[in-house]
Structure formats: C-alpha cells, structure tokens
Amino acid sequence: MPASESEPQDRAPQDRVPHVSPLRHGLVPPHIHHVLLYDGVCGLCQRTVRWMLRHDPDGRLLFAAQQQPLAAEVFARHGLDRQQINCAVLVSNFGKPEERLAIRSDAILSCLTVLGGRWAALAVVARIVPRALRDAAYRWLARHRIGLFGAAELCAMPTPAERARFLGV
C-alpha cells in the first residue's frame, strides 16, 4: 500500500513519504521483482554481489547499495531507519503495492531461491536451521565482516550488462 494511503491525515506534509513506484517511472524493468540492498562499503558484501552476478545469468536479481537514495526510499516505505540496518535486505515485488522485505539470513536464502537450481536446494536445506540460529551467525559475521574481509576500497568495473543490474548508480 502506498505510504500516503496508510498514514494519518494529521501528519505534516514534510513527514509523509510519497510512494513513487520505480517500475512506473522506468527505473526498473517490469519483469524484475527482486532487488538486493547491500552495504556498498563492505568487501564481503561486494564479493557476494559479484558471486550472485556470476550465478544469475538470467538477471533475476537487481542490486542497489544501501547508501543510495533508492535504498532510503525503500526503508522509508517500510518504516526502517538506514542507520539501524546492518544486514542484507532482499526486496521482493520491488516497487509494487505488495512489496516485501527479507532481512539477514532470510535475505540471503531468498536470493539463493531466486537463483534456482542447486542454490534453491541449498536454501531449502539451510532453512532447516532455525532462523534464530541462522540470524545469530549472520549478526556475528556482520559485526566482524570489515575486520575479516576488509572494506571495499574500489569497486570492480562491471560490464555494461552487469552495470544495468545496479540501481541508483
């Protein structure tokens, strides 16, 4: 539901977050329904995105750094504060009224499901582990990712086909 329809009418206009569908404004191809929001300064996150690009030749996933305005718009639509988000976020049904978010381990497992094949099978097996345990491991890795994998100092130059899969760049 657009943010303007769900908000009380007594809020000041500057407090309202207008719902601008990226699909309607030509920012996203209409067949794309999954966007992974990742930390653009995290080396592990950037490596994960590069891995997903290699394993998604059909282009079922698009990507956007959480530091981009597009991510801020998504977070605002869902009442989230970017400063409190320290995890991967998969946006399903991106830009549509039924838009939904998956976070932490659910985001990664949902990405694997979107990739299909053996990756989807791996996601099914991994979901046997209770979410609380998966997310505890995810949180530990998120806290230590820069120390373990470093910060992303320079982005690898994507091919033109890969570049088309990054939103807000």
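The table below lists the values:
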quantity: Criterion violated by Gly79 - all others in (1) under 22 Å from Leu115 (Cα atoms); (2) part of a loop (DSSP other than H, G, I, E, B) satisfied; calculated: (1)
quantity: Some residue of region 73-82 being in contact with a Lys or Arg (Cβ under 7 Å, 6 or more places away or on another chain), buried (at least 18 other Cβ atoms within 10 Å of the Cβ) and under 14 Å from Asp39 (Cβ atoms); calculated: yes
quantity: For Thr159: the one exception among (1) surrounded by fewer than 16 Cβ atoms within 10 Å (Cβ to Cβ); (2) of a type outside the set (Lys, Arg); (3) over 24 Å from Asp56 (Cβ atoms); calculated: (3)
quantity: Residues of region 86-139 satisfying the condition of being β-branched (Val, Ile, Thr) and either in a strand (DSSP E or B) or closer than 22 Å to Asp58 by Cβ (or both); calculated: Val89, Val91, Ile103, Ile108, Thr113, Val114, Val124
quantity: Candidates Ile103, Ile146, Ile85, filtered to the one that is surrounded by 13 or more Cβ atoms within 10 Å (Cβ to Cβ), touching a Phe, Trp or Tyr at 6+ places or on another chain (Cβ under 8 Å) and of a type in the set (Val, Ile, Thr); calculated: Ile85
quantity: Some residue of region 53-66 being among the hydrophobic types (A, V, I, L, M, F, W, C) and either more than 12 Å from the chain's Cα centre (by Cα) or modelled with pLDDT under 90 (or both); calculated: yes
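The values are calculated or read from the model by the stated rules, or taken from the named source; none is laboratory data. Since the model is a prediction, treat every value here as computed from it, not as a measurement. With ideal geometry, Cβ positions are generated from the backbone for all residues, glycine too; neighbour counts draw on all protein chains shown.
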